[in-house]
1. Below 13 angstrom from the Cβ of Pro98, what's the summed charge of the other residues (Lys, Arg +1; Asp, Glu -1)?
2. Sort 9-18, 77-86 by packing, meaning the average of other beta carbons within 10 Å per residue, with the highest value first.
3. Regarding the chain, what's the average projected area of the Cα-atom convex hull, expressed in nm²?
4. Using 7 Å Cα-to-Cβ label points, what is the Ser26/Ala57 separation (nm, one decimal)?
5. When the chain is fully extended, how far beyond the present Cα-Cα distance does Ser121 get from Ser100, taking 0.36 nm per residue of separation?
6. Points 7 angstrom from Cα along the Cβ direction at Val113 and Arg6: gap in nanometres?
7. Could you name the aspartates and glutamates in cross-link range of Lys52, using Cα to Cα under 13 Å and dropping any fewer than eight places away on the same chain?
8. With a sphere of radius 15 Å drawn around the Cβ of Thr31, what net charge do the other residues whose Cβ falls strictly inside it have (Lys, Arg +1; Asp, Glu -1)?
Amino acid sequence: MVEQAREGLPLEVCGILAGSKEAVASHYEMTNSDRSALHYTMVPEEQFKVLKRIRAAGEEMLAIYHSHPATPARPSAEDIRLALTPGVIYVILSLVEPESPVIKGFTIDDEKVEEVTIVISNQ
């Protein structure tokens, strides 16, 4: 994710994390069709293909992530308004300081935002 976000600068990048229980096993980079530094939209056809791959692998979608190239790792008003996928964690990767990225996770339900603990492992 961090490499994708750095390579995508100055635009937001996005993707999906999948696995089982609370362990991520698969990472899917998605296309930001908005090509914007302020918001993202995933390409629907890519989303459907990725969801089919996730199901075929016996995994579940755990998180939707995107980067904030120049703002903190917290949901914007637009992020909250567009958080329409139930049961996933919304991960935001901030590159305010590109050499020291900040990654945070949130649940967003009916516009109620709660930060959740995420553990990043190199395993």
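Read the figures in this text as sums done on the coordinates, not as results from a lab. Since this is a predicted model, take the numbers as computed values, not measurements. Cβ sites come from the backbone with ideal geometry, for glycine too, and all protein chains shown count toward neighbours.
1. Spelling it out: positives minus negatives among the neighbours equals -3.
2. The densest-packed peptide leads the list: 9-18, 77-86.
3. Mean projected area of the Cα convex hull: 7.2 nm².
4. It is 0.4 nm.
5. Length gained between Ser121 and Ser100: 5.9 nm.
6. According to this spin-label approximation, the distance is 2.7 nm.
7. Glu60
8. -4
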